[in-house]
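Novice: Encoded as structure tokens, here's the structure I'll be asking about.
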Amino acid sequence: MRCVLGIDIGTTSTIGILVRLPDQVLAIASRPTTLFSREPGWAEEDPGQWWENTCAIIGELLAKAGIDAHEIAGVGVTGMLPAVVLLDEAGEVLRPSIQQSDGRVAAEVAELKAEIDGAAFIKQAGNGINQQLVASKLRWIEKHEPEVFSRIATVLGSYDYIDWRLTGTKHVEQNWALEAGFLDISSHELSPALIAHTHLPASVVPPKALSHEVIGVVSEAASKATGLVAGTPVVGGAADMIASAFSAGVTSEGQVLLKFGGAIDILVATGRIAPDPRMFLDYHLVPGLYMPNGCMATGGSGLNWFAANFAGGERQAAQSAGLTLHQHLDRLAAPIAAGAGGVTFVPYLLGEKTPIHDPFARGTITGLSLSHTIGHVWRALLEGYGYAARHHIEVFRDMGHRPAQFLASDGGASSQVWMQIVADILQAPIQLLKGHPGSSLGAAWAAAVGTGQVKDWSGVGAFVHYGEVVQPNLANAAVYADGYRRFRDVYESLKRIHRGEP
């Protein structure tokens with residue numbers, strides 16, 4: 001059978017996958033991306049780098065697989081959500097993208113909350129009024145970069161931008177539109193009234209597309225840049241966490257995906273719409289299903305930040321041992337007992353999204369003494385993300401979901417130390433996925449469905465392979481229950497200080 005191509009525009013890397021249908025991964029390739037944080041709480045990236053990475057990756061995939069580009073039947077692109085890319089009338093990028101994890105918009109969120117009936121908004125838009133909304137980011141630009149605001153002709157997401165570079169056709173995929181706050185969940189269509197909260201005309205948001213809908217074909221210009229054949233169909237694409245959960249096999253009630261990427265996503269599948277302001281609501285890739293989810297502002301990006309800025313002294317030791325710096329830090333943390341010697345690390349390094357939705361939140365380390373080492377602090381950071389995951393699971397249960405099976409994917413799941421910590425904090429087994437390609441596979445499968453290469457969505461199960469099950473250590477339950485309470489208390493105690501209140 002023919003092949004399909006998936007590209008993932010991720011926070012820390014761009015990843016591509018080439019799949020020969022029905023069940024063979026021919027090649028995977030990646031390139032790093034750079035996250036800029038020029039001010040506290042800011043998170044920006046260069047869309048040009050995403051496109052350069054995409055072009056390089058496609059060439060590498062074709063070379064690795066040893067196939068001709070004529071064998072590719074369709075292309076799907078996935079990416080972080082809802083990153084904001086702004087184009088002028090000529091199609092030039094006006095500024096770096098504002099990422100989904102960006103926390104600069106506290107004043108604009110407060111402004112929206114004062115203007116809008118929150119209950120009516122979530123009933124219509126499916127999501128609450130929080131820093132995720134694109135309207136809040138556009139209002140920030142209106143205030144602080146008026147020259148940029150005046151030139152905005154098009155607002156796109158990360159994978160929508162790559163689709164446009166591939167096809168010359170502008171659209172926004174339905175989950176970008178939903179989390180942006182522009183989609184009416186009763187009609188499943190873009191709402192001019194919701195878009196009006198941006199203070200821009202509705203025309204700046206292109207038409208909505210379904211994930212598997214063919215939105216265009218590879219243009220002559222894109223063919224020259226990428227090596228793809230002009231005329232190759234491109235589908236609408238998908239939010240990265242939704243594509244990852246789908247390709248991990250999360251399609252039934254009770255299944256939960258813990259996605260340890262640049263940010264940490266926690267997702268459940270359901271057949272019902274039940275909006276809750278604490279969490280995000282998205283469409284599942286499978287029509288008729290939905291995927292309520294939470295997303296931490298950081299995850300792997302937080303670990304990368306800590307390693308780059310505070311663990312440089314360990315780099316030589318890591319190299320001597322033939323380990324990456326992260327692996328070396330894991331080795332230092334492994335023998336330290338649960339609770340990290342009383343050190344608590346609250347990793348709200350870009351504010352925090354779900355479930356607290358607080359752009360004023362900040363990273364905090366408490367309990368340090370001269371007896372502690374970098375291993376203690378690294379373990380406390382891993383535990384902090386585990387406590388945040390537990391907070392999400394508690395909220396899902398409060399929403400009426402019944403988390404029963406926990407699956408773990410993406411780069412962070414390769415850390416045995418981290419996965420044991422999470423299993424111990426949740427006091428639940430964690431099923432690791434073996435060789436899971438992640439979000440790029442979900443995008444490729446959407447292309448396979450949309451171009452008619454496969455008849456249904458279930459065939460992706462051929463790529464789901466289970467690895468080790470990490471069993472919780474019951475002896476750590478009490479320590480982590482106390483640690484979780486302390487984690488929550490630290491945030492609540494410092495909330496007033498972080499907000500600058502007297």
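Only the coordinates and a few stated rules stand behind these numbers; no lab work does. Quick caveat: nothing in here was measured; it's all calculated off a predicted structure. Every residue, glycine as well, gets a Cβ built from its backbone with ideal geometry; the counts of neighbours run over all protein chains shown.
Novice: Could you work out how much longer the chain between A119 and A221 gets when fully extended? Use 0.36 nm per residue separation minus the Cα distance between them, nm to one decimal.
Specialist: This chain segment gains 32.1 nm when fully extended.
Novice: Largest first and to the nearest Å, give the Cα extent of the chain along each principal axis.
Specialist: 63, 54, 43
Novice: Amide H of A361: which non-local residues (sequence gap of 5 or more, or other chain) have their own amide H closer than 5 Å, using H built in the peptide plane?
Specialist: Counting only residues 5 or more places away or on other chains, the set is E352.
Novice: Roughly what % of DSSP beta bridges within the chain run antiparallel, to the nearest 5?
Specialist: Looking only at bridges with both residues in the chain, the antiparallel portion is about 70 percent.
Novice: Also, quick follow-up: Fully extended, how many nm does the chain gain between A404 and V25 (0.36 nm per residue separation, minus their Cα-Cα distance)?
Specialist: Here the answer is 133.5 nm.
Novice: From the residues P206, P277, A340, which one has its Cα farthest along the dipole of the chain in the positive direction, the dipole being from +1 and -1 charges on Cβ of Lys/Arg and Asp/Glu about the Cα centre?
Specialist: A340
Novice: Mean Kyte-Doolittle of at least -1.0 plus a Cα span of 30 Å or more along the axis: flag which DSSP H helices in the chain meet both, please.
Specialist: Result, helices passing both filters: 374-398, 477-498.
Novice: Sticking with this structure for a sec: Residue by residue, what Karplus-based ³J(HN,Hα) values in Hz, rounded to whole numbers, does region 73-78 have, using 6.51, -1.76 and 1.60 with θ = phi - 60° and x for Gly and Pro?
Specialist: 3J(HN,Hα) across region 73-78, in whole Hz: 8, x, 10, x, 10, 10.
Novice: Please turn the phi angles of region 214-225 into ³J(HN,Hα) values with the Karplus equation 6.51 cos²θ - 1.76 cosθ + 1.60 (θ = phi - 60°), one per residue in order, whole Hz, x for glycine and proline.
Specialist: My calculation for region 214-225 gives 6, 9, x, 10, 4, 7, 4, 5, 5, 4, 5, 7 Hz in order.
Novice: Next up: Which far-off residues, 5 or more places away or on another chain, put their amide H under 5 Å from the one on Y283, with H placed in the peptide plane?
Specialist: Here M291 satisfy the definition.
Novice: So who's got an amide H within less than 5 Å of the one on I98, skipping anything under 5 residues away but keeping other chains? H placed 1.01 Å off N, in plane.
Specialist: The list, which skips near neighbours in sequence, is V84.
Novice: Treating the beta-carbon of each Lys and Arg as +1 and of each Asp and Glu as -1, no other charges, what is the dipole magnitude of region 176-321 about its Cα centre, to the nearest 20 debye?
Specialist: In total the dipole reaches around 240 debye.
Novice: Ranked from highest to lowest mean number of other Cβ atoms within 10 Å per residue, what is the order of the peptides 202-210, 2-10?
Specialist: 2-10, 202-210
Novice: I'd like the Karplus ³J(HN,Hα) series for region 265-279: coefficients 6.51, -1.76, 1.60, θ = phi - 60°, whole numbers in Hz, and an x wherever there's a Gly or Pro.
Specialist: Values, residue by residue: 10, 10, 10, 10, 9, 7, x, 10, 8, 9, x, 9, x, 6, 10 Hz.
Novice: Further question on the same structure: Working only with C-alpha atoms, what are the Rg and Dmax values of region 247-369, expressed in angstrom?
Specialist: 18.1, 53
Novice: Please get the size of the charge dipole for the chain, origin at its Cα centre, with Cβ charges of +1 on Lys and Arg and -1 on Asp and Glu, quoted in debye to the nearest 20.
Specialist: 840 debye
Novice: Mind putting together the pair-distance distribution for region 49-106? All Cα pairs, 10 Å bins, whole percent per bin, short to long.
Specialist: P(r) over region 49-106, rounded to whole percents: 16, 37, 27, 17, 3.
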